[in-house]
2 protein chains.
Amino acid sequence: MSKSIRVLASANAMKGSLSAKEASNMMASGAQKAISKFSEQFGQKFNGEFLIKPIADGGDDTVDVIADSFYINTIKGPLLDPVEARWGSLGDTAVIEMAKASGIALLPEDKLDPFTTTTFGTGQLILAAIEKGFKKILLTIGGSATVDGGIGALAAMGAQFYDKEDKIIEPYGNSALGKVARIDFSAFEKFKDVQFSIACDVDNILLGDKGSAAIFGPQKLRPSIRNDREAKMKAVSQMNANLENFANIIQKTTNKDIRMVKGIGAAGGLSIGFVAVFDALLRPGSEFILDMLGITDELHPDIVITSEGKCDVSTLNNKAPYALIRRFSNSYSIVLTGAIESEEVEQKLNDAGASIVMTIEDGAISLSDSMKRCGELMERASYRAVYSYLRAHFK
Amino acid sequence: MSKSIRVLASANAMKGSLSAKEASNMMASGAQKAISKFSEQFGQKFNGEFLIKPIADGGDDTVDVIADSFYINTIKGPLLDPVEARWGSLGDTAVIEMAKASGIALLPEDKLDPFTTTTFGTGQLILAAIEKGFKKILLTIGGSATVDGGIGALAAMGAQFYDKEDKIIEPYGNSALGKVARIDFSAFEKFKDVQFSIACDVDNILLGDKGSAAIFGPQKLRPSIRNDREAKMKAVSQMNANLENFANIIQKTTNKDIRMVKGIGAAGGLSIGFVAVFDALLRPGSEFILDMLGITDELHPDIVITSEGKCDVSTLNNKAPYALIRRFSNSYSIVLTGAIESEEVEQKLNDAGASIVMTIEDGAISLSDSMKRCGELMERASYRAVYSYLRAHFK
């Protein structure tokens, strides 16, 4: 009789070395070697059953991991300059990654300016997906250059915004939010059978000390302002006031108060309109992505293997590997990593469910060598961890 | 009810970083943290029971690990120059490390010359131990500068050697072996209640292709000869012939043929006389040392933790950690190391019984940083490996 060992290999990308898929494949290969070795040594017939499911965090490049079909549209970038943005689909769901259209990585530091940067391009991508016939939209948000409350995206989709004199306003950037006195969402009638889901990585509310402007605003300012304490505080305060005005008008228009929705502070308030108008569901990015990829409890793997370039405090902030080990806390879970920041981080990963957090290095080597040899090292570390599990569990 | 987890922490020294004892302590500390963490997380009351037993290989510095009392005698070194040599005792056994008196490390390379280098000092240490009242002598051999068949040591203890003309010969170096025609062991009467044991790391026989001269002779020649193929072969052939003559005379004198005894080729044939005259038992060094230290099957540890500066092919040659994991192949055994040479070495360690071979590095770091932080890294790796065992085994 033979026993099946069910292995879920779900790597996060090892940035600069391996894609999530490549890393997942190496993990599975190492696990296979370990199962073979153990079976051969102890005359126990184990078979490996491998589920290879690369993961991502909801941040940059999430769409590349989640989607299986891709499209490219030329849209308006964060400063209305043309950007070729990639989006994709998985089954009947379109996957739009806002970072590809309105991301902070699209701009040089000295062009940063949340008062003018816009999510217009993200709205254009959504529109393109709807026009292609998609009725389910998954929007992954994070890494945005904007604090525009999603006014740009809503405008791209057809909403119109008026000021106190009932004149149409230019719907670009945080500055526009302060001028809004009335909104016309009538163009959205045609989207009434579209379902929106939003995956975000943080659970901040919209306003105040824990809000979008206070927590994420500064990093979207150009360095000359960000590093000037007074200028920075003034900018944050202005962004917050503009967001507040916009939230008020949204409430007046839709009868919904979205201020305290968890996650609504992510990506410069991009979700405000989607939650208020479309009842979009905001969910933690990592959890959402695991669901999307079919990485659910029902898989009941014996062993879960995941990876993270470096395990540090940001890993603990529900990045995909963290969500994964929490989800499978009844399995034996292995986190392979280039580096473990501290004993504390390691123990917190253990608390979350990690059975072992292991560096891939096979000795004292340089970072560049470790990155160059990442595939081989990943495979060997996977062998090591799986073999040791089999020894501890079965022999 | 609480369950006891029995941990045997038996480190080899991490050369240049930690002594075997320091490393063992760090291992035990990491294991304790892991057991506490696991107990706290899963409400299972585990207690750690720690056996801290540093180990060594039988090579350099073995006495420092094995013995618990020490003595220093000034004796004649490999070239009859004065050397302060350390020896020790554990219980009623004197522990003499030949490398301390007649070791290759005591000479600069260009002074190497097996035709003149002698084990006389090793014999002096043995004599000193007997004079102190020890009746049990453990001789650890290896790392010798000599191919003198132990003639020096025997001479220091009172044996007398004669040539064909029945003239007393100077008993120093391999050259002397060729001249011996008769031996007088009558001075050894007074040692008849002394028991000799010899621990050596190799199992070579005395003569021929796998013999003392052929395998170990070249490394004891000075570079100018060692690197000259013809001179080297001539020297090896001469050393072998001299050893053969000595073995013949020993056989004539004692009626014992020691030529094919396993290990008799170690340390330039140092053991010849001890085996022939005193019925000394030659045993693999690592096994012997484990026994001496009370690291026996009866300990039945749940977990064995050991260390090796670098796991390479030499580790597989029955170095102490290797002997340890073989001895406890029913326990869960952890090998912590600065580096793993190759996948092949790792798998062979698994074959020998290692449940996990794990580097201590917590990321890509330089060798000097790894060595500087060795204690901390050792403790953390021990935590990691023991915690993962508990997860795999109990949860």
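The values are calculated or read from the model by the stated rules, or taken from the named source; none is laboratory data. No experiment lies behind these values; they were computed from the predicted model shown. For neighbour counting, all protein chains shown are included, and Cβ atoms are generated from backbone atoms with ideal geometry for every residue, glycine included. These area figures cover heavy atoms from the full protein model, side chains too; ligands, DNA and RNA do not enter into them. Shrake-Rupley method; radii C 1.70, N 1.55, O 1.52, S 1.80 Å.
Taking chymotrypsin sites (Phe, Trp or Tyr not before Pro) across the stretch B:272-312, none is in a DSSP loop with at most 12 further Cβ atoms lying within 10 angstrom of its Cβ.
Computed over neighbours whose Cβ is under 9 Å from that of B:Val313, the net charge equals -2, Lys and Arg +1, Asp and Glu -1. Our note on the geometry: Cα centres of the stretch B:203-244 and the stretch A:350-388, 44 Å apart.
Projected label points at A:Glu165 and A:Lys3, each 7 Å from Cα along the beta carbon direction, are separated by 7.9 nanometres.
Annotation: per residue accessible area for the stretch B:62-286 equals 42 Å², rounded to a whole number [probe 1.4 Å, protein chains only].
As an exercise, use a Förster radius of 41 Å and the Cβ-Cβ distance of A:Lys45 and A:Glu343 to find the FRET efficiency, rounded to the nearest 0.05. Once the sixth-power term is evaluated, E becomes 0.55.
Just checking the listed ones, A:Ile137, A:Ile55, A:Ile151: in the Gaussian network model of chain A with Cα springs under 10 Å, the one fluctuating most is A:Ile137. Taking 1.567 mPa s as the viscosity and 4 °C as the temperature, the Stokes-Einstein diffusion coefficient of the protein assembly as shown based on its alpha-carbon Kirkwood radius rounds to 42 µm²/s. With a Förster radius of 30 Å applied to the C-beta separation of A:Ile52 and A:Leu281, the computed FRET efficiency comes to 0.60. Of the residues A:Ser342, B:Phe394, B:Leu106, the one whose Cα sits farthest toward the positive end of the charge dipole of the protein assembly as shown, with +1 on the Cβ of Lys and Arg and -1 on the Cβ of Asp and Glu, is B:Phe394. In the protein assembly as shown, the calculated helix contribution to ellipticity at 222 nm averages -11000 deg cm²/dmol per residue, counting -39,500 (n - 2.57) for every DSSP H run with n ≥ 4. Across every direction, the projection of the convex hull enclosing the Cα atoms of the stretch A:40-122 has a mean area of 8.9 nm². Largest GNM mean-square fluctuation among B:Ser366, B:Ser331, B:Ser19, using chain B with Cα springs under 10 Å: B:Ser366. Based on C-alpha pairs under 8 angstrom that are at least 6 apart in sequence, chain B has a relative contact order of 19 percent.
Both radii come from the Cα set of the stretch B:131-172: Rg as radius of gyration, Rh as Kirkwood radius; their ratio Rg/Rh reads 1.07.
Note on B:Lys164: lysines with a C-alpha under 17 Å away, same-chain residues under 8 apart excluded, are B:Lys179, B:Lys252.
Each of A:Ala176, A:Leu80, A:Ile130 was placed along the dipole of the stretch A:62-286 (beta-carbon charges, centred on the mean Cα), and the one lying farthest toward the positive end is A:Ala176. Taken as Cα centroids, the stretch A:6-33 and the stretch B:119-156 sit 57 Å apart, rounded to the nearest whole angstrom.
When the alpha carbon coordinates of chain A are projected onto the principal axes, the ranges are 83, 47, 34 Å, largest first. Straight-line cross-link partners of A:Lys53 among the aspartates and glutamates, defined as a Cα under 18 Å from its Cα and at least 8 positions apart when in the same chain: A:Glu22, A:Asp61, A:Asp64, A:Asp68, A:Glu287, A:Asp291, A:Asp297, A:Glu298, A:Asp302, A:Glu308, A:Glu379. One decimal place: the segment A:Ser36-A:Lys210 gains 57.5 nm when fully extended, by the rule 0.36 nm per residue minus the C-alpha distance. Calculate the translational D of the stretch B:62-286 in whole µm² s⁻¹ from Stokes-Einstein, where the hydrodynamic radius comes from the Kirkwood formula applied to all Cα pairs, the temperature is 25 °C and the viscosity 0.890 mPa s. Once the numbers are plugged in, D ends up at 145 µm²/s.
A crude spin-label estimate for the pair B:Asn255 and A:Ser69, with each label 7 Å from Cα along the Cβ direction, gives 9.6 nm. Other residues whose C-beta falls under 13 angstrom from the C-beta of B:Arg326 contribute a net charge of 0, scoring Lys and Arg +1 and Asp and Glu -1.
Can you tally the net charge around B:Ala231? Count Lys and Arg as +1, Asp and Glu as -1, for every other residue whose Cβ sits under 15 Å from the Cβ of B:Ala231. Local charge sum for B:Ala231: +2. Of the chymotrypsin sites (Phe, Trp or Tyr not before Pro) found in the stretch B:303-376, no site is in coil according to DSSP while having at most 14 other Cβ atoms within 10 Å of its Cβ. The contact residues of the stretch B:362-380, meaning those that lose at least 10 Å² of 1.4 Å-probe accessible area when all protein chains sit together rather than their chain alone, are B:Asp362, B:Gly363, B:Ala364, B:Ile365, B:Leu367, B:Arg380. Legend: distances between Cα atoms for A:Lys319/A:Lys372; B:Lys210/B:Lys262; A:Lys15/A:Lys100; pairs beyond 19 Å are A:Lys319/A:Lys372.
Using a Gaussian network model of chain A in which every pair of alpha carbons under 10 angstrom is joined by a spring, one finds that among A:Asn330, A:Asn255, A:Asn318 the greatest mean-square fluctuation is at A:Asn255. The reciprocal of the average 1/r between distinct C-alpha atoms defines the Kirkwood hydrodynamic radius, which for the stretch B:311-395 equals 13.5 Å. Among the helices of chain B (complete DSSP H runs), which have Cα atoms covering no less than 30 Å along the helix axis and a Kyte-Doolittle mean of at least -0.5? Result, helices passing both filters: B:20-42. On the beta carbon distance between A:Lys111 and A:Ser366, with R0 = 51 Å, the FRET formula returns roughly 0.90. Here each label is just a point 7 Å from Cα along the line to Cβ, and for A:Leu299 and B:Lys136 those points are 5.8 nm apart. The alpha-carbon of B:Lys3 sits under 20 angstrom from the alpha-carbons of these lysines, leaving out residues fewer than 8 places away in its chain: A:Lys395, B:Lys33, B:Lys37, B:Lys45, B:Lys395.
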